[in-house]
Amino acid sequence: MSKQLESHIPEGPVKDKWTKAKFENKLVNPANKRKFKVLVVGTGLAGASAAATLSELGYQVQSFCFQDSPRRAHSIAAQGGINAAKNYQGDGDSVHRLFYDTVKGGDFRSREANVHRLAEVSSNIVDQCVAQGVPFAREYGGLLDNRSFGGAQVSRTFYAKGQTGQQLLIGAYSALMKEVSTGSVELFTRREMLELVVIDGKARGIIVRNLITGGMETYMGDAVMLCTGGYGNVFYLSTNAMGSNVTATWRAHKKGAYFANPCYTQIHPTCIPVHGEYQSKLTLMSESLRNDGRVWVPEAKNDKRKASDIPEEERDYYLERKYPSFGNLVPRDIASRNAKYVCDEGKGVGATGLAVYLDFSDSIKRLGQKTIENRYGNLFDMYEQITGSSPYEEPMMIYPAVHYTMGGLWVDYNLMTSIPGLFCLGEANFSDHGANRLGASALMQGLSDGYFVAPYTLGNYLAQQDLAQVDATHPDAVKALSSAQERIDKLLAIKGERTVDDFHKELGLLLWDKCGMSRNEAGLKEALVKIPKIRDEFWENVNVMGSPGELNQTLEKAGRVADFLEFGELMVKDALERKESCGGHFREESQTEGGEALRDDENFAHVAAWEFNGVGEVPILHKEALIFENVALAQRSYK
Amino acid sequence: MSNAAKKINLNLKVWRQKNAEDKGYFDVYKAEGIDQDASFLEMLDVVNEGLSKQGKDPIAFDHDCREGICGMCGAVVNGHAHGPKAKTTLCQLHMRTFSNGQTLVIEPFRSRALPVQKDLIVDRSAFDRVIASGGFISVRTGSVQDANNIPVEKKSADLAFDAASCIGCAACVAACPNASAMLFVSAKVSHLALLPQGQPERSRRVLGMVEQMDTEGFGNCSNEYQCEAACPKGISVQNIARMNRDYAHARFTSED
Ligand SMILES: Cc1cc2nc3c(=O)[nH]c(=O)nc-3n(C[C@H](O)[C@H](O)[C@H](O)COP(=O)(O)OP(=O)(O)OC[C@H]3O[C@@H](n4cnc5c(N)ncnc54)[C@H](O)[C@@H]3O)c2cc1C
Ligand code: FES
């Protein structure tokens with residue numbers, strides 16, 4: 001049943017592939033570019049950089065986002081930094097090392113060719129951002145500062161205090177607004193994409209809902225780029241912004257785009273623990289804290305003493321104990337899983353017992369409070385603001401939380417999905433991080449896709465097309481519009497008893513429990529029985545207030561949750577199918593004696609790309625084999 | 001996360017307005033059993049869950065990151081933009097700031113240039129148009145030099161960063177008795193004016209952005225400094241002085 005997916009990876013040595021591809025790509029004649037219209041959905045790092053660059057090249061661009069301004073996309077929240085193989089610190093970094101670290105960090109489940117291209121363009125990204133005026137941290141000599149991040153053994157991370165994401169996004173947004181000012185990008189804010197229009201097998205348009213008026217609108221073009229971010233909010237609680245959703249990619253999936261590795265989700269080890277029923281989101285505490293904080297729990301179970309009353313010899317610094325060479329800096333998946341283990345053993349701290357300490361007292365003693373304040377002052381303040389406790393005085397309490405989704409729409413080397421003319425960039429695609437993303441690599445990938453990859457590969461696609469003239473009256477566009485409208489009418493007509501959030505929480509808890517940090521066959525099978533039931537009840541008993549023709553936030557949420565309820569099932573199915581452990585996907589049945597993730601390269605060194613086959617129907621699995629020619633497959637070891 | 005979080009009851013007086021054309025009015029609600037560890041927006045969530053269950057229209061408010069960085073949230077609470085706590089967005093304001101039985105008057109950020117769209121949601125697209133009038137450096141993707149070929153004195157870099165930390169929430173406009181956007185515009189102008197990369201377009205930028213700011217209908221600055229007090233990111237009014245100097249200089253040199 002499985003057919004080979006065509007990934008269009010160029011022939012030749014990995015380090016020459018991108019150069020070769022750029023040369024062999026067909027070009028669109030400059031005078032013809034303005035005849036093509038590209039619809040770019042999303043204005044995060046991926047979408048804003050793509051829209052700006054395509055417009056600079058001469059294409060007509062229409063840019064969409066659901067927030068009131070492109071500058072508010074979820075990328076704004078990234079804290080820690082962005083990687084680039086600049087080797088400014090002279091500590092032995094190189095394109096090859098960044099490539100190697102990323103393939104290994106992804107637990108050998110990403111495509112070598114894509115990752116190498118990412119490492120190659122990483123330097124250009126930082127150059128571009130600086131030219132735009134991004135105020136990265138600098139040294140006294142005026143040159144750029146770097147830090148080591150997320151367990152990397154070189155200092156290759158560029159940062160702007162704790163708000164790297166905001167600064168990079170303002171850079172990309174300003175590039176976008178520069179193009180808006182010339183009229184070559186048209187901006188459509190407060191629009192939510194609800195359908196993809198496919199004509200003659202090609203992506204030709206989108207249906208959006210105007211979130212202010214409630215009106216449905218059709219936009220047609222020659223290609224569509226989905227840059228709509230990750231689906232972490234399927235778990236209800238996550239570090240993602242409240243509006244982050246799977247709707248755009250899911251609706252595209254239902255129109256034929258394959259969804260790849262949906263079960264790969266990243267659980268970030270350092271977040272503020274859950275503390276109440278009312279809680280709407282989880283707050284990330286930057287991973288950089290692990291550079292100076294030591295993670296521990298009490299040796300004894302159910303130890304309710306205050307941290308400061310627990311003597312040194314009665315503490316278990318479990319990461320330092322189990323992983324002497326990486327210690328507190330082990331990759332995210334390992335740090336998270338170990339926090340779960342100690343809490344499952346009953347050694348967790350705090351009111352719920354679902355937390356571990358991240359303790360700065362040794363660093364404060366060694367380096368002085370001033371230094372720690374300079375490094376983490378704003379994070380400590382944020383922690384105190386949320387929890388009411390000061391990390392200078394008491395250790396922080398942290399617990400893992402859903403943070404990033406490595407899975408996404410399947411794309412070939414050119415970032416095109418299985419629907420011709422539909423491209424997918426940034427967190428929304430599956431392409432570069434394998435089964436686990438390294439810190440500071442998502443920002444890099446978003447900007448790489450948008451500034452440096454898609455602008456080339458789009459031209460290659462368009463140059464080979466002979467696209468018919470179509471407009472919003474095309475029967476397929478009309479059909480897409482009415483199906484989006486019908487769904488909205490259906491939601492509003494249910495008038496049931498339970499709120500949208502109620503369903504979202506139920507789904508989220510189930511997924512966190514059965515398809516979160518640790519998964520097993522029985523649990524996944526149980527979830528597969530329960531999800532359709534929740535979904536059925538949703539469609540019978542949800543209460544969506546208000547009318548369609550107005551600003552209606554409950555309706556917006558309901559549409560997103562409806563999609564999560566379909567998507568969640570695919571995620572679990574994928575997790576069940578992948579019987580190995582790898583990166584963030586930990587199958588209890590597949591572990592080493594020491595409890596580490598045990599891959600099964602013989603049977604699972606592939607990308608699982610799912611084809612939609614109807615809601616509740618068994619999806620069709622396509623496998624793309626992953627071939628490692630440059631990095632030897634090995635069991636990851638951080639001991 | 002203090003071990004025994006206290007629950008409080010509040011009386012809310014909330015601005016309700018169906019859409020931009022509607023006149024709007026205050027309605028009163030009870031917020032009961034609110035955990036003091038909850039954020040202000042989580043308190044509104046609880047109230048909205050209650051309203052939905054009673055079949056009433058929930059209160060519309062903007063929000064996304066809930067981490068104080070996207071600039072999406074914001075309302076005036078008891079006369080303070082983003083509430084009574086300094087340097088805090090509404091989403092990062094926690095209910096331990098308030099006491100049991102307190103009455104909270106909650107209104108949208110009001111200004112002629114930021115029309116209300118529904119309840120607490122306002123239209124801030126004027127800010128985007130100000131940025132499109134010059135708030136950028138005109139470099140094309142790819143046509144740039146190595147990042148370290150542009151050294152920047154650390155002091156300027158830090159000042160530029162401080163200006164760039166503006167989240168575009170519009171609290172400054174809401175707090176200003178004249179509904180001036182000077183703090184926002186000057187932060188944007190300063191961020192680029194303080195960097196070597198921003199020099200070639202420095203005059204053009206400030207002229208364009210100030211002109212657009214006036215076109216949008218924002219008021220004038222009369223040095224009230226309410227904006228700085230309300231700014232969740234602590235943007236300094238020194239940026240306004242810097243912009244005024246730049247503007248005067250640009251006007252002077254651009255007359256030909
Ligand atoms: C708290 C936090 C901290 C992080 N820190 C780091 C870090 O330090 N370093 C790092 O590398 N990565 C970090 N990440 C990850 C990184 O920020 C994201 O992966 C990345 O920014 C995603 O960018 P994007 O452009 O793909 O999507 P996003 O920035 O999520 O943008 C999505 C866009 O799509 C639009 N959209 C979505 N759905 C629709 C729809 N249906 N219709 C219309 N528009 C739609 C939205 O409006 C938005 O404009 C962090 C993530 C979080 C949550
Ligand atoms: S919701 Fe993003 S700043 Fe408050």
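Summary table below
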{"item": "Pairs, first not assigned by TED's automatic domain parsing to the domain that holds A:V561 in segment A:231-251, second of a type in the set (K, R) and near ligand 1 (Cβ under 10 Å from one of its atoms), C-beta under 6 Å, six or more apart", "result": "A:N245/A:R560; A:T247/A:R560"}
{"item": "Residue within segment B:58-72 that is away from ligand 2 (no atom under 16 Å from the Cβ) and surrounded by fewer than 23 Cβ atoms within 10 Å (Cβ to Cβ) present", "result": "yes"}
{"item": "From the options B:S180, B:S165, B:S203, B:S186, residue that is open to solvent by 20 Å² or more (accessible area, probe 1.4 Å) and not aromatic (F, W, Y)", "result": "B:S203"}
{"item": "Complete set of residues in segment B:140-162 that are more than 7 Å from chain A (Cβ to nearest Cβ) and open to solvent by less than 40 Å² (accessible area, probe 1.4 Å)", "result": "B:S156"}
{"item": "Among the residues listed as A:I386, A:I398, A:I372, the single one being under 27 Å from B:P232 (Cα atoms) and part of a strand (DSSP E or B)", "result": "A:I398"}
{"item": "Hey, A:L169 of a type in the set (A, V, I, L, M) and touching a strand residue (DSSP E or B) at 6+ places or on another chain (Cβ under 8 Å) or not", "result": "no"}
{"item": "Number of the exception - B:Q117 against (1) more than 29 Å from A:L237 (Cβ to Cβ); (2) facing another protein chain (nearest Cβ under 7 Å); (3) not charged (D, E, K, R)", "result": "(1)"}
{"item": "Counted residues, segment A:125-143 - those being in contact (Cβ under 8 Å) with a residue 60 or more places away in the chain and hydrophobic (A, V, I, L, M, F, W, C)", "result": "2"}
{"item": "Any hit, segment B:52-60, residues being under 25 Å from B:A230 (Cα atoms), touching a residue at least 60 places away in the same chain (Cβ under 8 Å) and not in a loop (DSSP other than H, G, I, E, B)", "result": "no"}
{"item": "Single residue of segment B:42-57 satisfying the filter (surrounded by fewer than 23 Cβ atoms within 10 Å (Cβ to Cβ) and aliphatic (A, V, I, L, M)) that is farthest from the other protein chains (Cβ to nearest Cβ)", "result": "B:V47"}
{"item": "Every residue from segment B:126-139 that is within 7 Å of chain A (Cβ to nearest Cβ), within 18 Å of the chain's Cα centre (by Cα) and surrounded by fewer than 22 Cβ atoms within 10 Å (Cβ to Cβ)", "result": "B:D128"}
{"item": "Residues of segment B:20-51 satisfying the condition of being touching a residue at least 40 places away in the same chain (Cβ under 8 Å) and either within 16 Å of ligand 1 (Cβ to nearest atom) or within 17 Å of A:I212 (Cβ to Cβ) (or both)", "result": "B:A20, B:G24, B:S39"}
{"item": "Residue within segment B:84-103 that is of a type in the set (G, A, S), under 23 Å from B:A174 (Cα atoms), surrounded by fewer than 22 Cβ atoms within 10 Å (Cβ to Cβ) and within 16 Å of ligand 2 (Cβ to nearest atom) present", "result": "yes"}
{"item": "Residue in segment A:623-639 that is surrounded by 14 or more Cβ atoms within 10 Å (Cβ to Cβ) and without any contact (Cβ under 8 Å) to a residue 24 or more places away in the chain present", "result": "no"}
{"item": "All positions within segment A:502-546 that are acidic (D, E) and either in the same structural domain as A:S336 (by TED's automatic domain parsing) or without any contact (Cβ under 8 Å) to a residue 24 or more places away in the chain (or both)", "result": "A:D502, A:D513, A:E526, A:D536"}
{"item": "Filter pass, B:F109 being open to solvent by less than 30 Å² (accessible area, probe 1.4 Å) and part of a loop (DSSP other than H, G, I, E, B)", "result": "yes"}
{"item": "One residue from A:E373, A:E384, A:E394, A:E427 being of a type in the set (D, E), in contact with a helix residue (DSSP H, G or I) (Cβ under 8 Å, 6 or more places away or on another chain), within 14 Å of chain B (Cβ to nearest Cβ) and at negative phi", "result": "A:E394"}
{"item": "Hits in segment A:584-639 - residues which are among the aromatic types (F, W, Y) and in a loop (DSSP other than H, G, I, E, B)", "result": "A:F586, A:F612, A:F628, A:Y638"}
{"item": "Elements of type helices (runs of 4 or more DSSP H) contained in segment B:156-256, each with 1 or more residues being within 19 Å of the chain's Cα centre (by Cα) and free of Cβ contacts under 8 Å to residues at least 24 places away in the same chain", "result": "B:202-215, B:238-254"}
{"item": "Some residue of segment A:145-160 being open to solvent by less than 20 Å² (accessible area, probe 1.4 Å), within 8 Å of chain B (Cβ to nearest Cβ), among the aliphatic types (A, V, I, L, M) and without any contact (Cβ under 8 Å) to a residue 24 or more places away in the chain", "result": "no"}
{"item": "Count - residues of segment A:566-583 that are open to solvent by less than 10 Å² (accessible area, probe 1.4 Å), in contact with an Asp or Glu (Cβ under 9 Å, 6 or more places away or on another chain) and assigned to a helix (DSSP H, G or I)", "result": "0"}
{"item": "Segment A:435-450: number of residues that are open to solvent by less than 10 Å² (accessible area, probe 1.4 Å) and more than 20 Å from A:L626 (Cα to Cα)", "result": "9"}
{"item": "Condition broken by A:I170, with the remaining ones in (1) within 16 Å of ligand 2 (Cβ to nearest atom); (2) more than 8 Å from chain B (Cβ to nearest Cβ) satisfied", "result": "(2)"}
{"item": "Segment A:316-340 - residue that is assigned to a loop (DSSP other than H, G, I, E, B) and closer than 14 Å to A:L289 by Cα and, of those, nearest to the chain's Cα centre (by Cα)", "result": "A:P331"}
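One line per residue, one yes/no per condition, for (1) free of Cβ contacts under 8 Å to residues at least 24 places away in the same chain; (2) within 13 Å of chain B (Cβ to nearest Cβ); (3) of a type outside the set (S, T, N, Q); (4) within 16 Å of ligand 1 (Cβ to nearest atom):
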site	(1), (2), (3), (4)
A:K22	no, yes, yes, no
A:N32	yes, no, no, no
A:V38	no, no, yes, yes
A:A46	no, no, yes, yes
A:Q79	no, yes, no, yes
A:L98	no, no, yes, yes
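The values are calculated or read from the model by the stated rules, or taken from the named source; none is laboratory data. What you see is a predicted model, and the numbers here were worked out from it, not measured in a lab. Don't worry about glycine lacking a Cβ; one is built from the backbone with ideal geometry, like all the others, and counts go over all protein chains shown. Accessible surface areas use protein heavy atoms only, side chains included; no ligands, DNA or RNA. Shrake-Rupley method; radii C 1.70, N 1.55, O 1.52, S 1.80 Å.
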